[in-house]
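To start, the structure itself, in structure tokens.
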Amino acid sequence: MARYVVCKIEDFPASGRMLVEVNRRPVVIFRLGEEWFGLLNTCPHQGGSLFNGYQAGLAESDRPADYRYSRQGEIIRCPWHGWEFDIRTGRSRCRPDAVKVAQFALAVAGGKEIESLDDVKGVETFDVKPEGEYLLLSL
Amino acid sequence: MNDLNVGGDRPRPYRGAVDCDVQITVPHRDALLPYLDEYWRDVSLQRGLQTLDTAAFPRQAPINARPDWRLPEPASVRDQLRSLQVNLLDRYGFSAAICNCLYGVQLLHSEDMGQSIARALNDWIAREWLDNEPRLRASIVVPMQNPTMAAEEIRRVATDRRFVQVLMLVMGEMPLGKRYYWPIYEAAEECGLPVGIHAGSMYRHPVTGTGWPSYYAQDYFSQASAFQTQLTSLILEGVFGAFPTLRVVLSETGVSWLPPYLWRLDKYWHGLRSETPWVKVPPSEIVRSRVRLTTQPFDTPADPAVVERLLDHIGSDEMLLFASDFPHWRFDGDDLLPAGVSPDQIAHISRANPLATYPRLAEGVVP
Amino acid sequence: MEKDIFSRLAPRWRTHIATVGMLARQGFTQEMQYPKGQPMAVRRDAFPPGGGMPGSDLDFMRAQHLDPNNVQFGVLIPLGAAQSLQNIDLSVALCTAINDWQVEEWTSREPRLRGSIVAAYQDPQAAVAEIHRLAGKRDFVQVSLLSRLPNPIGHRSFWPIYAAAAEVGLPIGVHAFGNGGWAITGGGWPSYYGEDMMSHAQTSQSALASLVLEGVFERFPTLRVALIEGGLGWLPSLRWRLDRIWERSRDELAHLPRPPSEYIRESVWLTSQPIEEPANRQHIAEVIDWIGWDRVLFASDYPHWDFDDPQRAMPLPLSRERRDRFFLKNALDLYGIPHG
Ligand code: FES
């Protein structure tokens, strides 16, 4: 396993999502509050780019005419055929066990800490300063 | 198929079978007069009401009576029953047959007239048919013009346990899953009756969805497409979730359209789930557990290899219910099921599945 | 895009659109009565960066679709309401504008693309004139109709269009959708967009049954028809059903000396999208075996949301010959494009 510095926290786009390429893999990173989630940017259905999808909430119901809506922004709908994936788990809403998007673990690390780690890559591209905060993706 | 039919003039594989769709016909308007109350009887006479034969099944159309089963019209109940016995019940040794009467009660625009004639019709069925042949069972005809009245009629007639399902036409005023129709499903579920949706239309809309065709052949063809749209409605409107023990039987639909239809519906559900979030499992799973189809017409070619592939596409031995669609002309000779259906599948289709679908069949009637 | 097209209209029609709008046998002036599942039913990633509607910017289409997917031959189908408008004269004028726009903005600039002649079916004479005006040009490879019309598509009122198409040797492309004014199901108007979408397969079935049973193929034996965007899995069942009905209805269908399946086998092509996706993908191959591998055409439906990606839409090992046919050769043959 290796860890990659993908961006400086303060540079993370206000849109709450960012597309990066790590080791030739396209990864879409979502920020939900202070939590970070990385998903392969290739929809398991036909390959749509999840980065271009709509961040919806979770619609649930126990019977017709009953609409419960929660977790606003935590479901990414593929821009192509609209399949829904849970940003937290990568699992598809319709068939969570059968259809999943690969996930990548993310962590926030301080510059000092990063300097002390020896499996971190991509340090060159960022000017890692001891006092800065960075997003690390594990691969 | 014929190699299974050993044993001379009485083909054996269907012994004990339940025929889930036979048609019975009201010979003429007067047959129902004794069953109408005074007001409606007199209305029929004053206004010169004619027989309510539906354009969905013109009785003289060749496709609506197998040539060797065709009777001189109007055929009396006695003659129809005799033909049913000789050509099916006795010949093959069926244990039961469920009759559907497609008299055009539902087509009338007057709810009250529809209700009164539906009542008369159900009473006529009980008295003239069920009383005269112990192997017969029937579907309750309901005035779809008014679902509240329809539910009433279900509760009234269901006390006669020889009525084993509720009959609806596939093309109504609005798609069948709409909440408007739910009183019907509530009553059916409460009485433990499957809802049998049969080919036919209230003719509130052109049968094709793109206007009126020129030929009856297309009207009949369109029934199969109508079943597809109405099944979508039942599923996406959440009928199966709202009525968790309700079963639906699709009668005279054709069978071979089902697999590609489900592939498509499952696909769209993946993308549009949040529009109908009460649909929680793939539509194909709902259909496999809750929907049954009768087997005539089957709409397959003669090649048994294709039929085998199709049954594999359907992927379940439990979904099909044996039916002759008597006296409609769906097959010739003894080919009640297309070649390619295995003996094991025949056992499921002709007996186990009907018994599982219609709980009332097991009530001491079927040996 | 709309501006590009409206600017080609006579002042009278520009005023009409600005004041009355384009009424098209449905209740809203802008929204559809079944609001789409995605805005304008397009892929969310298909909006050109320079602005404008998806599918309105050739360079972006090249970059997003034609180049990466190695499209060698693409057929444009301009949808929009032009053909279904209640005002027939406006329909005629708009169709002409759209056809000219296809040439100037698309086919003359991009040799891989060819157009479809849209014609106002409500006025068959005008439609025929439009077909004759454009037939002969290399820019157009088919005449485009919709599956949902006020009468079933085989109805005799449309026959002049078929006669003209057969005469000039162009296939008719019948694209699912349109506003015929009738409920999309024989049992009324459904509630949900999902049902509306699903029903396009059934209206395509109605359209094909109508063409066959009304005798269009018998009357115009050289006419070829491509059914577009209704899926394809339903065709074998339809053929079996129609044949059986035909056998039993020889008197009523005396105008059809041959079984429906023969007309279909000879004269009908289907595009793949939105392709059915059975759990066992082999099943779709078996269905195409029954249809005939020479009768299926790949379609992406770019830029719509139910787009099929050419790399993924047929996730089956296909023989080279089948692959070539499905993705290219069948289309070249149908649309009369020479190839090796
Ligand atoms: S590619 Fe993502 S839903 Fe189809």
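The values are calculated or read from the model by the stated rules, or taken from the named source; none is laboratory data. Because the structure is a prediction, the values reported are computed rather than measured. Quick reminder, even Gly has a Cβ in these numbers, built from the backbone with ideal geometry, and neighbours come from all protein chains shown. For accessibility, only protein heavy atoms count, side chains too; no ligands or nucleic acids. Shrake-Rupley method; radii C 1.70, N 1.55, O 1.52, S 1.80 Å.
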Any pair with Cβ under 7 angstrom, 6 or more apart, that starts in the stretch C:1-20 at a residue that is closer than 17 Å to C:SER56 by Cβ and ends at one that is among the small types (Gly, Ala, Ser) and surrounded by fewer than 16 Cβ atoms within 10 Å (Cβ to Cβ) = C:MET1/C:GLY52
Residue by residue through the stretch C:237-276, note down the ones that are farther than 23 Å from B:HIS328 by Cα, crowded, with 24+ Cβ neighbours inside 10 Å and facing another protein chain (nearest Cβ under 8 Å).
-> C:PRO274
Exactly one of B:SER256, B:SER316 is touching a Lys or Arg at 6+ places or on another chain (Cβ under 6 Å), polar (S, T, N, Q) and assigned to a loop (DSSP other than H, G, I, E, B), and that residue is B:SER316
Determine, yes or no, whether B:TYR92 is in contact (Cβ under 8 Å) with a residue 24 or more places away in the chain and either within 14 Å of chain C (Cβ to nearest Cβ) or not in a helix (DSSP H, G or I) (or both).
-> no
Residues of the stretch A:57-80 being within 13 Å of the ligand (Cβ to nearest atom) and either open to solvent by 10 Å² or more (accessible area, probe 1.4 Å) or on the phi > 0 side of the Ramachandran plot (or both), in sequence order, are A:ARG77, A:TRP80
The helices (runs of 4 or more DSSP H) lying entirely within the stretch C:1-69 that contain at least 3 residues which are open to solvent by 70 Å² or more (accessible area, probe 1.4 Å) are C:11-19
Scanning the stretch A:57-80 for residues that are facing chain C (nearest Cβ under 10 Å) and either farther than 30 Å from B:PHE243 by Cα or in a strand (DSSP E or B) (or both) gives A:ARG77, A:CYS78, A:PRO79, A:TRP80
Going by the structure shown, is B:ILE63 hydrophobic (A, V, I, L, M, F, W, C), open to solvent by less than 60 Å² (accessible area, probe 1.4 Å), assigned to a helix (DSSP H, G or I) and at pLDDT 95 or above?
-> yes
In the stretch A:81-97, how many are β-branched (Val, Ile, Thr) and within 16 Å of the ligand (Cβ to nearest atom)?
-> 1
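Yes/no matrix, rows are residues, columns are (1) at the interface with chain C (Cβ under 7 Å from one of its Cβ atoms); (2) within 16 Å of the ligand (Cβ to nearest atom); (3) surrounded by fewer than 24 Cβ atoms within 10 Å (Cβ to Cβ):
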| residue | (1), (2), (3) |
| --- | --- |
| B:GLY177 | no, no, no |
| B:GLY196 | no, no, no |
| B:HIS205 | yes, no, yes |
| B:SER214 | yes, no, yes |
| B:GLN230 | yes, no, no |
| B:PRO260 | yes, no, no |
| B:GLY271 | yes, yes, no |
Is it true that some residue in the stretch A:108-129 is open to solvent by 20 Å² or more (accessible area, probe 1.4 Å), touching a helix residue (DSSP H, G or I) at 6+ places or on another chain (Cβ under 9 Å), within 16 Å of the ligand (Cβ to nearest atom) and more than 14 Å from chain C (Cβ to nearest Cβ)?
-> no
Is it fair to say A:VAL28 is β-branched (Val, Ile, Thr), away from the ligand (no atom under 13 Å from the Cβ) and either assigned to a strand (DSSP E or B) or out of contact with any Lys or Arg (no Cβ under 9 Å at 6 or more places or on another chain) (or both)?
-> no
Filtered residue count, the stretch A:45-56, keeping only those that are surrounded by fewer than 18 Cβ atoms within 10 Å (Cβ to Cβ) and assigned to a strand (DSSP E or B) | 2
If you go through the stretch C:285-296 one residue at a time, do you hit one that is acidic (Asp, Glu), within 16 Å of the ligand (Cβ to nearest atom) and closer than 30 Å to C:GLY194 by Cβ?
-> no
Can you confirm whether the stretch B:297-320 contains a residue that is more than 13 Å from every other protein chain (Cβ to nearest Cβ) and touching an Asp or Glu at 6+ places or on another chain (Cβ under 6 Å)?
-> no
Could you list, in sequence order, the residues of the stretch C:187-218 that are more than 9 Å from every other protein chain (Cβ to nearest Cβ), of a type in the set (A, V, I, L, M, F, W, C) and over 19 Å from B:TRP257 (Cβ atoms)?
-> C:VAL216, C:PHE217
Selection status of B:SER225, more than 30 Å from A:PRO44 (Cβ to Cβ), part of a loop (DSSP other than H, G, I, E, B) and at pLDDT 95 or above | no
Within the bounds of the stretch B:237-253, is there any residue that is facing another protein chain (nearest Cβ under 7 Å) and more than 30 Å from A:ARG95 (Cα to Cα)?
-> no
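Taking the condition of being touching a Gly at 6+ places or on another chain (Cβ under 6 Å) and among the small types (Gly, Ala, Ser), how many residues in the stretch C:148-177 meet it? If you could, list the steps in order and put the result at the bottom.
The initial filter retains those residues of the stretch C:148-177 that are touching a Gly at 6+ places or on another chain (Cβ under 6 Å), namely C:148-152, C:176.
Imposing the further condition that a residue be among the small types (Gly, Ala, Ser) reduces the set to C:176.
Qualifying residue count, the stretch C:148-177: 1.
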Quick one: what pairs do we get from the stretch B:276-290, first residue of a type in the set (D, E, K, R), second part of a loop (DSSP other than H, G, I, E, B), C-beta under 6 Å, 6+ apart or different chains?
-> B:ARG288/B:SER316; B:ARG290/B:ARG247
Within the bounds of the stretch B:26-37, is there any residue that is in contact with a His (Cβ under 9 Å, 6 or more places away or on another chain) and away from chain C (no Cβ under 14 Å)?
-> no
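Please find, among C:LEU316, C:LEU297, the residue that is more than 22 Å from C:MET61 (Cα to Cα) and among the aliphatic types (A, V, I, L, M).
Values: C:LEU297 fails: more than 22 Å from C:MET61 (Cα to Cα).
Testing whether each residue is more than 22 Å from C:MET61 (Cα to Cα) and among the aliphatic types (A, V, I, L, M) leaves just C:LEU316.
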Quick check, is A:ARG95 assigned to a loop (DSSP other than H, G, I, E, B), of a type outside the set (Ser, Thr, Tyr), without any contact (Cβ under 8 Å) to a residue 12 or more places away in the chain and away from chain C (no Cβ under 14 Å)?
-> no
Starting from the stretch C:328-340, take each residue that is without any contact (Cβ under 8 Å) to a residue 24 or more places away in the chain and list its partners that are not in a loop (DSSP other than H, G, I, E, B), counting only C-beta distances under 6 angstrom and pairs at least six apart or across chains.
-> C:HIS339/C:LEU332
So how many residues does the stretch A:37-49 have that are within 8 Å of the ligand (Cβ to nearest atom) and in contact with a Phe, Trp or Tyr (Cβ under 7 Å, 6 or more places away or on another chain)?
-> 4
Subset tally (residues that are open to solvent by 10 Å² or more (accessible area, probe 1.4 Å) and either farther than 21 Å from A:ASP97 by Cβ or part of a helix (DSSP H, G or I) (or both)) for the stretch B:274-294 = 9
